[in-house]
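The values are calculated or read from the model by the stated rules, or taken from the named source; none is laboratory data. Computed from a predicted structure; not experimentally measured. All Cβ positions, glycine included, derive from the backbone under ideal geometry; neighbour counts span all protein chains shown.
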Amino acid sequence: MIFDYNVVLDSLPLYFSGVLVTLKLLAISLAFGLLLAVPLALMRISKQAAVNFPAWLYTYVIRGTPMMVQLFLIYYGLAQFEAVRASFLWPYLSSATVCACLAFALNTSAYTAEILAGSLKATPHGEIEAAKAMGMSRFTFYRRILLPSALRRALPQYSNEVIMMLHTTSLASMVTLVDITGAARTVYSQYYMPFEAFITAGLFYLGLTFILVRLFRLAEHRWLAYLAPRKH
Amino acid sequence: MLNGYGATIIDGTWLTLQLALSSMAVAIALGLLGAAFRISPLRWLSGLGDAYATVIRGIPDLVLILLIFYGGQDMVNRLAPMLGHDDYIDIDPFIAGVGTLGFIYGAYLSETFRGAFMAIPKGQGEAGQAYGMSGLQVFFRILVPQMIRLAIPGFTNNWLVLTKATALISVVGLQDMMFKAKNAADATHQPFTFYLAVAGIYLLITSVSLLALRYLEKRYSAGVKAVEI
């Protein structure tokens, strides 16, 4: 079997524009997902059932159903309702990019909220007691002590979530977007060369994964240096 | 129920469950093999195991599914004429799905199993050797039974992810519940209803699995003291 490099070379521009789409989807959904995850995580560590339960239910339902179903519910499903089609949001909700970003952001917010909640719960008692001893108000305590400390310690797990999210964005190719996977499917349908088309896509994803892993290692070096094991 | 599509969706659910369970069986076998490779003292074996885990975990499931399904189809039909078989061969999507998901989640499980193996005190394996057990006997009689307890949390996670990933196999034409829901949605113009029903069924499957695996974890932890802080 011969691997046809010319096919790959000819379609490189398509793959690179796919990389841009993938990165755009990833960045937007991660940003909104994280924004949504912080309040959700704070709700998840509350002792009041009325606060905790809605956040628990949200993360449980999102984490218990496949991403593909969530994406289809938003992209194909919402159009079923006349009220949605008549609303001012319809121009946005009929766009595949918006729907994909919305679905991905909701999905990652649930996973990130659980990661953050775990990290918040693991805050050392001493840090909390010190904040109280300094007479910090609740808001100052959250802003200066609890959140910065928990966000740092969540970094290693969050890096996993980011990489899972990079892989999840490949589902965007099912709602007509031409991301890396979409480019590969286009190339496959043009040339009928599955190995060339999908191995190239796989290499792009591997490359992006390694870059993200390296970036997070740098971030951990910057923000988690005080927790790293001693080198000598 | 569901405009008369309820029964076909239940049929699809059954296929989804079969797919998930069969893939998990393949994944456990490959995961054990991968973990055994990775903890092996032989450099090239552990390198091979590491490469398997790293490459597969670095590529999205969907890309691997498309690659293995279309690529496998292509390869089979190029090899078959050489073996004197001239008809076009269609690969059964169920078999392809089981192979693909098993191969992908084998890599994830090899990571879980490797961590669990490494958490078993060294003395356990050495004691087995001191009794004159062979390498395989130490692996299956000493390491694997103790590894199960340590691997259950990671295993639970992988099982849930795999169950949800079965939805992707509908892309290559397996008539699982996702595929059936899509057909029903197209026919009735009620996509929300059908995808919501499928989401509910997935939620049911994951909930039941969580409860069952939590029970199993308790069983396997009998005799191990839980430390209270």
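Could you list, ordered by first residue, the pairs with Cβ atoms under 7 Å in which the first is in the stretch B:53-76 and under 11 Å from B:Ala96 (Cβ atoms) and facing another protein chain (nearest Cβ under 7 Å) and the second is of a type in the set (Lys, Arg) and assigned to a loop (DSSP other than H, G, I, E, B), at least 6 apart or interchain? Close Cβ pairs (under 7 Å, with a partner that is of a type in the set (Lys, Arg) and assigned to a loop (DSSP other than H, G, I, E, B)) do not exist here.
Going by what's in this entry, would A:Val21 be described as in a helix (DSSP H, G or I), modelled with pLDDT of 95 or more and of a type in the set (Val, Ile, Thr)? For A:Val21, the condition - in a helix (DSSP H, G or I), modelled with pLDDT of 95 or more and of a type in the set (Val, Ile, Thr) - is met.
For the stretch B:41-62, what are the residues that are over 24 Å from A:Pro194 (Cβ atoms), charged (D, E, K, R) and under 19 Å from the mean Cα position of the chain (by Cα)?
Within the stretch B:41-62, the subset over 24 Å from A:Pro194 (Cβ atoms) is B:41-50.
Remaining after also requiring charged (D, E, K, R): B:43, B:50.
Within the stretch B:41-62, B:Asp50 is the sole residue that qualifies.
The residue that is farthest from the chain's Cα centre (by Cα), counting only those in the stretch B:1-40 that are outside any helix (DSSP H, G or I) and more than 18 Å from B:Phe140 (Cβ to Cβ), is B:Met1. Cβ-Cβ distances below 7 Å connect the following pairs, each with a first residue in the stretch B:123-148 that is touching a residue at least 12 places away in the same chain (Cβ under 8 Å) and farther than 16 Å from B:Ser221 by Cα, a second residue that is among the hydrophobic types (A, V, I, L, M, F, W, C) and part of a helix (DSSP H, G or I), and a separation of six or more residues or different chains: B:Gln124/B:Ile142; B:Gly125/B:Val138; B:Gly125/B:Ile142; B:Gly125/B:Leu143; B:Gly128/B:Val138; B:Gly128/B:Ile142; B:Phe139/B:Ala36.
Residues of the stretch B:63-101 that are more than 17 Å from the chain's Cα centre (by Cα), assigned to a helix (DSSP H, G or I) and over 14 Å from A:Tyr188 (Cβ atoms): B:Met75, B:Val76, B:Asn77, B:Arg78, B:Leu79, B:Ala80, B:Pro81, B:Met82, B:Leu83. Taking the residues in the stretch B:41-57 that are assigned to a helix (DSSP H, G or I) and of a type in the set (A, V, I, L, M) as candidates, determine which candidate is nearest to A:Thr65 (Cα to Cα). The qualifying residue nearest to A:Thr65 (Cα to Cα) is B:Ile56. Screening A:Pro54 against (1) touching a Gly at 6+ places or on another chain (Cβ under 6 Å); (2) over 28 Å from A:Gly207 (Cα atoms) leaves a single unmet condition, (1).
What tally of residues in the stretch A:44-68 results from selecting those that are within 18 Å of A:Asn107 (Cβ to Cβ), more than 15 Å from the chain's Cα centre (by Cα) and more than 9 Å from chain B (Cβ to nearest Cβ)?
Looking only at the stretch A:44-68, we keep the residues that are within 18 Å of A:Asn107 (Cβ to Cβ), and these are A:44, A:54-68.
Restricting the remaining residues to those that are more than 15 Å from the chain's Cα centre (by Cα) gives A:44, A:54-58, A:60-61, A:64-65.
Now drop any that are not more than 9 Å from chain B (Cβ to nearest Cβ), which leaves A:44, A:54-58.
Residues that pass the stated criteria total 6.
Of all residues in the stretch B:177-191, those being more than 11 Å from chain A (Cβ to nearest Cβ) and surrounded by 18 or more Cβ atoms within 10 Å (Cβ to Cβ) number 3.
Of the candidates A:Leu71, A:Leu89, A:Leu36, A:Leu78, the single residue that is buried (at least 17 other Cβ atoms within 10 Å of the Cβ) and away from chain B (no Cβ under 14 Å) is A:Leu36.
Okay, residues lined up against (1) under 30 Å from B:Met147 (Cα atoms); (2) at pLDDT 95 or above; (3) among the β-branched types (Val, Ile, Thr):
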| residue | (1), (2), (3) |
| --- | --- |
| B:Ala187 | no, no, no |
| B:Pro191 | no, no, no |
| B:Tyr202 | yes, yes, no |
| B:Leu213 | yes, no, no |
| B:Glu217 | yes, no, no |
| B:Tyr220 | yes, no, no |
| B:Gly223 | yes, no, no |
| B:Glu228 | yes, no, no |
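Listed by position, the helices (runs of 4 or more DSSP H) inside the stretch A:140-230 whose residues that are surrounded by fewer than 22 Cβ atoms within 10 Å (Cβ to Cβ) and among the charged types (D, E, K, R) number at least 2 are A:147-153, A:194-223. Considering the stretch B:92-118, the residues that are over 29 Å from A:Thr22 (Cα atoms) and buried (at least 19 other Cβ atoms within 10 Å of the Cβ) include one that is farthest from the other protein chains (Cβ to nearest Cβ), namely B:Phe117. Here's a check for you: in the stretch B:38-52, which residue that is touching a residue at least 40 places away in the same chain (Cβ under 8 Å) and more than 14 Å from chain A (Cβ to nearest Cβ) is nearest to A:Ala184 (Cα to Cα)? Looking at the filtered set, the residue picked out is B:Gly49.
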